[in-house]
1. Using a Cα distance threshold of under 21 Å, what count of lysine pairs results for the chain when pairs must be 8 or more residues apart or interchain?
2. When the gyration tensor of the stretch 1-87 is built from Cα positions, what are the square roots of 5 times its three eigenvalues, in whole Å, from largest to smallest?
3. Roughly speaking, to the nearest percent, how much of the chain's 1.4 Å accessible area is carbon and sulfur?
4. Using modelled amide H (1.01 Å from N, peptide plane; none on Pro or chain starts), what sits under 5 Å from the amide H of Glu33, excluding residues fewer than 5 places away?
5. Using helices alone, what [θ] at 222 nm do you get for the chain, with -39,500 (n - 2.57) per DSSP H run of 4 or more residues, divided over all residues and rounded to the nearest 500?
6. For the chain, what is the accessible area per residue in Å², given a 1.4 Å probe and the full set of protein chains?
7. Apply 1/(1 + (r/R0)^6) to the Cβ-Cβ distance of Glu133 and Asp72, taking R0 = 41 Å, and write down the FRET efficiency to the nearest 0.05.
8. Please get the size of the charge dipole for the stretch 1-110, origin at its Cα centre, with Cβ charges of +1 on Lys and Arg and -1 on Asp and Glu, quoted in debye to the nearest 20.
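The values are calculated or read from the model by the stated rules, or taken from the named source; none is laboratory data. As the structure is a prediction and not an experimental result, all values here were calculated from the model. Please note: Cβ atoms are built from the backbone with ideal geometry, for glycine as well, and neighbour counts cover all protein chains shown. The protein model used for the area step is the full one, side chains on, heavy atoms only, and it has no ligands, DNA or RNA in it. Shrake-Rupley method; radii C 1.70, N 1.55, O 1.52, S 1.80 Å.
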Amino acid sequence: MPERPIEILLVEDNPADAHLTLTALRDARSPNEVHVVADGEEALAFLKHQGSHGNAPRPDVVFLDLNLPKVDGYQVLETMKADPVLRRIPVVAISGSSREIDIARAYDEQVSAYLVKPPGVDGYFAAIRSLKELWFHAAALPPQEEVASI
């Protein structure tokens, strides 16, 4: 039986960064399906199956830029972690900010990991490859179905 693809929601408003991330994810050893949205409002619609995202799959992991138009990434994270259906989905913040206050705020909102976007294409590819290795091969992703934890 073939492996189920890993469903990834990439929330990124910068088309160049989205393209780099998609390119870096393309060579994954595990099959993956990447869904790209460009702002926080669209991310929430995707996650809640609203509007044109009525048939959207539940992502296994979310790669979330924090500096987004309409609804910022912190609000997306806060909404996800307050929702009993969405709260178990791992969220990796991918941000250009290395400010301690931004990193602390993301972890306060229960982000699973925080990646500061490295300068240069090679550094960015290496960082995304590290995320792939962790989330696609080493980490156990939460089950797709709602499972009681006790």
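1. Working: Lys48/Lys70; Lys48/Lys81; Lys70/Lys81; Lys117/Lys132.
The result is 4.
2. Working: eigenvalues 87, 57, 24 Å².
Sorted largest first and rounded, they come to 21, 17, 11 Å.
3. Numbers: 4190 of 7980 Å².
Result for the chain: 52 percent of the exposed heavy-atom area is carbon or sulfur.
4. Here the answer is Ile6, Glu7, Ile8, since their amide H atoms fall under 5 Å of that of Glu33.
5. Numbers: 5 runs with 51 residues, N = 150.
Value at 222 nm, helices only: -10000 deg cm²/dmol.
6. Numbers: 7980 Å² over 150 residues.
Ligands and nucleic acids excluded, the figure is 53 Å² per residue.
7. Details: r = 28 Å, r/R0 = 0.69.
Between Glu133 and Asp72 the formula returns 0.90.
8. Details: 11 positive and 19 negative charges, 76 e Å.
About 360 debye.
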